[in-house]
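Below is one structure, written out as structure tokens; the observations come after it.
What follows is calculated from the coordinates using simple rules that are stated; it is not laboratory data. Note that the structure is predicted; figures quoted are calculated from it, not measured. All Cβ positions, glycine included, derive from the backbone under ideal geometry; neighbour counts span all protein chains shown.
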Amino acid sequence: MKLRNILFSAAVFGLPAFHLSSVSCQLSTVRAQENIITVNAKKLGAPIQPTMYGIFFEDINYAADGGLYAELVKNRSFEFPNPFTGWDISGQVLLRNDGPFDRNPHYVRLAPSGHRDKHSMIENHGFFGIGVKSGEEYRFSVWARVPDGGNAKIWIDLVDNATMEEDQKLGNVGLDISGKEWKKYTATIKSKRTFAKAHLRIWGDGKVTTDLEHISLFPAKTYKGHENGLRMDVAQTLEDLHPGVFRFPGGCIVEGTELATRYQWKNSVGPVENRPLNENRWHYTFTQRYFPDYFQSYGLGFFEYFQLAEEIGAEPLPVVNVGMACQFQNNDDAHAPATKEGLQQFIDDCIDLIDFANGDPTTNQWAKLRADMGHPAPFNLKFLAIGNEQWEKPFFDRLAIIAPEVRKVHPEIKLIGTSGPNAEDDHFRNGWKAMRELKADLVDEHFYRDIQWYKDWMNRYSDREFYTKDGPRVFAGEWACHDRGKKYNHAGASIYEAAFMTNIERNADLVHMATYAPLFAHMEGWQWRPDLIWYDNLGTARTASYYVQQLYMLNRGTNVLPTTISLNGGTPVANPVEKGKDGVFASAVMDKDKNEIIVKVINTQEKASTTSINITGLKLKGFPTTAEVVTLDCSNYDAENVPGKPEVISPKSSTTAINAEKGNLTLSPTIPAKTFQLFKVKL
Ligand code: AHR
């Protein structure tokens with residue numbers, strides 16, 4: 001080892017440089033060191049917000065209907081523009097529009113066939129088929145009546161149309177319908193086999209006219225057992241992440257292709273049968289991946305989002321429209337007038353939403369609706385984002401009208417503005433300037449970028465000339481490292497996400513929230529990739545990016561610990577990288593509640609890195625002798641987890657020895673190429 005390196009080592013071990021004999025003695029026990037990470041545990045740094053790492057949900061890639069929302073029937077209320085989208089019909093099937101639910105007036109009539117042996121039948125294809133599992137039960141429900149009075153019988157079959165067996169049925173049940181009044185009927189069907197592509201077939205006896213509306217099928221087991229519930233395995237992936245914040249319901253769908261098709265939260269609450277259908281822009285936005293059957297049923301609505309946030313322990317963060325349709329898709333005249341009168345509806349939407357979440361059900365109509373839906377206690381909403389990816393004057397003018405009105409009524413809510421769709425251009429800089437002037441509490445930044453961008457911006461949040469001490473905090477609301485090839489996700493890109501997050505963590509005084517995006521994708525129904533979690537009709541897969549997020553979420557800590565890195569014997573610096581280059585990246589936190597120190601180290605280089613991690617400044621009676629190590633190996637660039645093969649990449653646990661001396665702890669790992677390693681020291 002060169003003398004220069006020994007002197008640096010002496011410095012970071014907290015020893016005077018002239019104690020060369022003791023330094024040499026210590027160093028002789030470890031390998032030649034390339035990199036030295038020094039964590040100063042003497043003084044706690046900035047608190048890390050509980051909201052720091054979270055999730056962003058948008059109904060893209062069949063994330064809601066056909067995904068997280070456990071409903072298995074597509075177009076259950078016959079409200080799609082083509083009322084029989086998703087359905088096959090045969091026999092005497094009539095569409096009518098004077099049903100019991102005013103906002104979903106259509107229903108079907110199974111009319112007499114005119115012959116003893118003929119039946120009228122409707123058959124639903126589900127979302128890319130209906131996934132059923134052997135021995136599992138499914139809850140069928142329907143609103144029905146016999147318009148002429150009397151009794152009728154319908155049969156409900158789960159079928160495999162492609163089978164060579166004598167009987168297509170995987171399970172079935174009969175249901176007696178009686179009387180002229182609309183009533184809800186339920187029945188349970190058990191599947192005798194696992195099959196991803198079942199259909200739901202409903203047929204009548206062909207003799208008595210029978211009307212059917214809101215035809216629904218859910219797995220009997222949903223996440224936390226809610227009747228209008230979520231797919232258990234998909235929701236479990238969220239619970240297992242332990243997100244601190246949950247942003248919903250979009251994204252671009254909040255804006256709408258025009259104002260009329262924006263996400264309107266008020267349409268997404270109340271009885272599920274009467275939530276009106278909305279189109280979904282992801283059905284037509286990418287014409288090379290066109291999904292004409294992609295709509296929003298709003299079955300997964302704001303009540304369900306708040307409930308999910310509560311159940312997974314995340315702060316809810318709704319996004320509402322700012323009186324503007326999507327700027328990418330429209331000229332400025334597509335927006336609501338930038339006057340208080342023109343925007344009143346949008347102001348009301350904000351205030352009423354806060355009341356829906358937090359209000360007193362005895363005095364507020366929206367809070368009463370929440371209570372009627374089963375949640376009398378408040379949801380403790382603290383944040384509200386107004387606008388998604390908006391930019392320049394049309395946005396600034398509208399936010400300048402809406403935000404003060406909301407603040408007047410609800411000063412306790414933190415308001416989140418946006419810096420637009422880019423993270424480095426003039427719109428972005430102007431956005432930040434305007435958000436400062438409007439005193440937004442946080443600014444939502446978006447950056448779907450390639451590996452080189454991430455290498456170039458590894459020190460993004462250390463730039464304190466741009467991100468000043470006072471003013472809004474950062475919400476990195478949509479981001480992911482995209483890269484070459486047509487894959488669901490790239491392990492080789494995920495390593496840059498892990499490295500970038502060290503900069504987020506080191507700057508926890510500035511960055512209060514960060515959410516990877518998009519969250520979900522159906523293997524057969526995606527419009528956008530990569531995505532964090534993939535599923536098909538039977539299973540899920542957590543990507544390498546998921547595990548990166550999870551490792552940060554599970555090891556968030558309570559306070560930053562100042563950290564320096566000396567690369568290859570170079571000067572110890574707080575921001576270690578040469579712009580645009582691969583390297584070794586690190587951050588460290590203290591968890592005061594668990595009394596542990598966690599050091600995250602990411603090696604994005606093609607070669608392994610011999611590294612010394614020195615934790616200095618501890619005052620301890622006894623010293624730990626081992627640290628837990630969690631390793632996420634991303635060296636196989638194209639490796640990915642998909643349903644059916646969900647564990648190609650996953651974190652592995654091991655331990656490593658700690659060398660303890662005079663309040664300093666030293667770990668001496670070799671960090672393999674393209675690997676994220678996390679070291680947890682229990683004090
Ligand atoms: O996450 C996909 C889209 O990316 C979001 O809807 C939008 O906010 C961004 O452009």
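Of note:
- Relative contact order for the chain, counting Cα pairs under 8 Å that sit 6 or more residues apart, in percent: 16
- Dipole of the chain, positive direction: furthest Cα of L259, G313, W432, with charges on the beta-carbon: G313
- Dipole magnitude for the chain: computed about the Cα centre from +1 point charges on Lys and Arg Cβ and -1 point charges on Asp and Glu Cβ, it is near 2080 debye.
- Cα-centred dipole magnitude for the range 87-221, charges only on beta-carbon of K, R (+1) and D, E (-1), debye, nearest 20: 260
- Farthest toward positive dipole pole in the chain [+1 Lys/Arg, -1 Asp/Glu at C-beta], among F396, A187, L667: L667
- Among 314-326, 259-271, 400-412, the order from most to least packed when residues are scored by Cβ within 10 Å on average: 314-326, 259-271, 400-412
- For K487, the aspartates and glutamates whose Cα falls under 15 Å of its own Cα, not counting residues fewer than eight places away in the same chain, are D450, E524, D531, D638, E640.
- Pairs from K42/K469; K266/K414; K414/K594 whose Cα-Cα separation, in the structure shown, is over 25 Å: K414/K594
- Difference of contour (0.36 nm per residue) and Cα-Cα distance, E412 to Y284: 42.2 nm
- Residues K486, K153, K579 arranged by fewest to most Cβ contacts within 10 Å: K486, K579, K153
- Cα centroid separation - the range 219-249 against the range 456-500, whole Å: 27
- Dividing the mean sequence gap of close Cα pairs (under 8 Å, 6+ apart) by how many residues the range 360-468 holds gives a relative contact order of 21 percent.
- Diffusion of the range 442-542 by Stokes-Einstein, at 20 °C in a medium of 1.002 mPa s and with Rh set to the Kirkwood radius over alpha-carbon pairs, works out to 147 µm²/s.
- For the range 91-154, the list of GluC sites (Glu not before Pro) that fall in a loop by DSSP and count at most 14 other C-beta atoms within 10 angstrom is empty.
- Based on the Stokes-Einstein relation at 25 °C and a viscosity of 0.890 mPa s, and on the Kirkwood radius from alpha carbon pairs, the range 382-510 is assigned a translational diffusion coefficient of 157 µm²/s.
- Table column - 3J(HN,Hα) (Hz), the range 109-125, Karplus curve with 6.51, -1.76, 1.60, x for Gly and Pro: 10, 8, 8, x, 7, x, 8, 3, 9, 9, 10, 9, 8, 10, 9, 9, 8
- Inter-centroid distance (Cα atoms) of the range 291-337 relative to the range 266-290, Å: 10
- Label-point separation in nm, N82 to D593, each point 7 Å along Cα→Cβ: 5.1
- Modelled FRET efficiency - R0 35 Å, A187 with A260, Cβ distances, 0.05 increments: 0.40
- Per residue of the chain, the DSSP helices (runs of n ≥ 4 H) give a summed -39500 (n - 2.57) that works out to -6000 deg cm²/dmol at 222 nm.
- FRET efficiency for E647 and K180, using Cβ-Cβ distance with R0 set to 51 Å, rounded to 0.05: 0.40
- Over the chain: Kirkwood hydrodynamic radius from C-alpha pairwise inverse distances, Å: 27.3
- Between the C-alpha center of the range 92-150 and that of the range 613-679 there is a gap of 56 Å.
- Separation in nanometres of the label points that stand 7 Å from Cα toward Cβ, at H115 and K486: 4.7
- Both radii were evaluated on the Cα set of the range 87-221; the Rg over Rh quotient, with Rh as the Kirkwood radius, amounts to 0.96.
- Over 14 Å [Cα-Cα, the range 271-329], rounded percent: 70
- Rough spin-label spacing in nm, given labels placed 7 Å along Cα→Cβ, for D332 and E465: 3.2
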